[in-house]
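Below is one structure, written out as structure tokens; the observations come after it.
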Amino acid sequence: MATVEWRSPASEMAVKQFEIAAGKLNLDKNVAERLRRPDRALIVSVPVMRDDRRVQVFTGYRVQHNDTLGPFKGGIRYHPDVNLGEVSALAMWMTWKCALAGLPLGGAKGGVSCDPAELSRAEVQGLTRRYTAEILNIIGPEVDVPAPDMGTDEQVMAWVMDTYSQHKGHAVPGVVTGKPVAIGGTVGRREATGRGVVYTIGEAAKHLNIDLVGATAAVQGFGNVGSVAAKELADVGVKIVAISDKTGGRYDPKGLPIQSVIEYVTKTSKSFTLEGCPHGERITNAELLEIQCDILVPAALGMQITAQNAPKLKCRLLAEGANGPTTLDADAVLREKGIFVIPDVLANAGGVIVSYFEWVQDLQNFFWTEDEINKKLRAILTKSFYEVLDMSRTEKVDMRLAALMIGVERVSRAMLWRGLYA
Ligand code: NAD
């Protein structure tokens, strides 16, 4: 059970998943006791001057779960549902994700409880700068390196980098990843998470004997991860029959024209959403999840696939672009139905892998080509995919438990080497 301060549905789920993996690994009890809770959690008040000169105070968080393997790493989320428990769960998943991918990084997450769609760009800038100033003492290139997540983008990362740099008195690109290329970002980071989802789908399709050319897919969420995953899937011949965002979904059994939809969302739509999109027929988010398709990619919020709707899923392969989209009860149903799951800590690890590449390039002031980035990304994800598949076969466990077992075991081994400083 999650420790009381951090308790929420998401952290309960993350801790329970950890306990199942720890039990299966017969993990050292002292190590398990430590890993059940974050190293550190900071709650900050973030006053923002609204455009009407009223000051509104938002609540922000930075939770650092574990840094045994290296500096903390994890995104910043701007969303109304952000709370301490959710951020703690996301931080814990980052620890396992980095360890599974073999990165010398720990796990963290941050966020501000707000609806960025209701704020002007100037207000988002004010919020970002003050939030960064409030967490400044616990971030830094050698300490904790944030990145984008839901509701944040490369512009937000640029403001984080600038605020941190102004305080230090010189440019510090390595404090944050997912920055624009012009200020020390890396090529390929914006596409990395969605692209990585598709690389892992490629390996799973080989394993399941699914021919991706002509296969069908539905994607929930059409932001950074969802839109790139849809585009990359379409590029390898998959027919995208359904997509959605917070305004609802679109369905076309003949396949949606993904490039035109992306252009609509990024250039035509005033709200940068699917609202008013001329392609396909309208469906709800709930309907999208239950559509007949080969591949389902949840790429929005957590806890979308539950014990209620899991029995109605009709896909063969579930690739978790989002973090924590499937509840524990739903996992049991998916196992029974024989749906192959590529768990979040593996499927969406492309984001943190290329963030790691960006951090390394910033530290060395030496930049790589997109081809090098994509090759290295594919190599790490393919290796991780087969490590997880092997573990799942040897231990006769599902892919999620196998992935968590690998991540947890690596962190635990490192903790035992380092010992307890007391
Ligand atoms: P984003 O803000 O770019 O996009 C989020 C999308 O989800 C938007 O299209 C939004 O309209 C949609 N959405 C919001 N509420 C919804 C709802 N109730 N139903 C359906 N759609 C809804 O965010 P993102 O960066 O694409 O992140 C999406 C998910 O992927 C999150 O779970 C995030 O933690 C995870 N993730 C992101 C990254 C990254 O690099 N950005 C890396 C790993 C994991």
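From the list Asp153, Asp162, Asp115, Asp149, which residue is farther than 30 Å from Thr382 by Cβ, within 12 Å of the ligand (Cβ to nearest atom) and not small (Gly, Ala, Ser)? Spell out how you get there, then give the answer.
On the way: Asp153 fails: farther than 30 Å from Thr382 by Cβ; Asp162 fails: within 12 Å of the ligand (Cβ to nearest atom); Asp149 fails: farther than 30 Å from Thr382 by Cβ.
Within the list Asp153, Asp162, Asp115, Asp149, the selection yields Asp115.
Mind checking which residues of the range 69-91 are charged (D, E, K, R) and either in contact with a Gly (Cβ under 7 Å, 6 or more places away or on another chain) or crowded, with 22+ Cβ neighbours inside 10 Å (or both)? Walk me through how you get there before you give the answer.
Restricting attention to the range 69-91, the residues satisfying the condition of being charged (D, E, K, R) are 73, 77, 81, 86.
Those that are charged (D, E, K, R) and either in contact with a Gly (Cβ under 7 Å, 6 or more places away or on another chain) or crowded, with 22+ Cβ neighbours inside 10 Å (or both): Lys73, Arg77, Glu86.
Against the condition within 16 Å of the ligand (Cβ to nearest atom), touching a strand residue (DSSP E or B) at 6+ places or on another chain (Cβ under 9 Å), in the same structural domain as Ile243 (by TED's automatic domain parsing) and basic (Lys, Arg), how does Arg316 come out, does it pass? Please lay out each step first, then the result.
Numbers: within 16 Å of the ligand (Cβ to nearest atom): no; touching a strand residue (DSSP E or B) at 6+ places or on another chain (Cβ under 9 Å): yes; in the same structural domain as Ile243 (by TED's automatic domain parsing): yes; basic (Lys, Arg): yes.
The answer is no for Arg316.
When you check Ile373 against the structure, is it out of contact with any Leu (no Cβ under 9 Å at 6 or more places or on another chain), buried (at least 18 other Cβ atoms within 10 Å of the Cβ), part of a helix (DSSP H, G or I) and not acidic (Asp, Glu), yes or no? Working first, answer last.
On the way: out of contact with any Leu (no Cβ under 9 Å at 6 or more places or on another chain): yes; buried (at least 18 other Cβ atoms within 10 Å of the Cβ): yes; part of a helix (DSSP H, G or I): yes; not acidic (Asp, Glu): yes.
When the stated conditions are applied, Ile373 passes them.
Strands (runs of 3 or more DSSP E) wholly in the range 209-302 with at least 1 residues that are within 29 Å of Glu12 (Cα to Cα) and within 14 Å of the ligand (Cβ to nearest atom) - which ones? Let's see the steps before the verdict.
Numbers: elements: 216-220, 239-245, 248-251, 281-283, 295-298.
Output list reads 216-220, 239-245, 248-251, 295-298.
Do we have any residue at all in the range 61-68 that's within 20 Å of the chain's Cα centre (by Cα), open to solvent by 20 Å² or more (accessible area, probe 1.4 Å) and among the charged types (D, E, K, R)? Steps first, answer last, please.
First, the residues of the range 61-68 that are within 20 Å of the chain's Cα centre (by Cα): 61-67.
When the remaining residues are screened for being open to solvent by 20 Å² or more (accessible area, probe 1.4 Å), the result is 61, 67.
Remaining after also requiring among the charged types (D, E, K, R): 67.
Yes - at least one qualifying residue is present in the range 61-68.
Take Val181 and decide whether it is within 16 Å of the ligand (Cβ to nearest atom), open to solvent by 10 Å² or more (accessible area, probe 1.4 Å) and out of contact with any helix residue (DSSP H, G or I) (no Cβ under 7 Å at 6 or more places or on another chain). Quick ask: steps written out before the conclusion?
Numbers: within 16 Å of the ligand (Cβ to nearest atom): yes; open to solvent by 10 Å² or more (accessible area, probe 1.4 Å): yes; out of contact with any helix residue (DSSP H, G or I) (no Cβ under 7 Å at 6 or more places or on another chain): yes.
Yes.
Quick one: which helices (runs of 4 or more DSSP H) sit completely within the range 29-141 and have at least 3 residues that are at pLDDT 95 or above and more than 18 Å from Ala158 (Cα to Cα)?
Details: elements: 29-35, 84-101, 121-135.
Once the helices (runs of 4 or more DSSP H) in the range 29-141 are filtered for at least 3 residues that are at pLDDT 95 or above and more than 18 Å from Ala158 (Cα to Cα), what remains is 29-35, 84-101.
The values are calculated or read from the model by the stated rules, or taken from the named source; none is laboratory data. Here the structure is a predicted model, which is why all the values come from computation and not from measurement. Here the Cβ is made from the backbone with ideal geometry for all residues, glycine too, and neighbour counts use every protein chain on show. Surface areas here come from the heavy atoms of the whole protein model, side chains and all, with no ligands, DNA or RNA. Shrake-Rupley method; radii C 1.70, N 1.55, O 1.52, S 1.80 Å.
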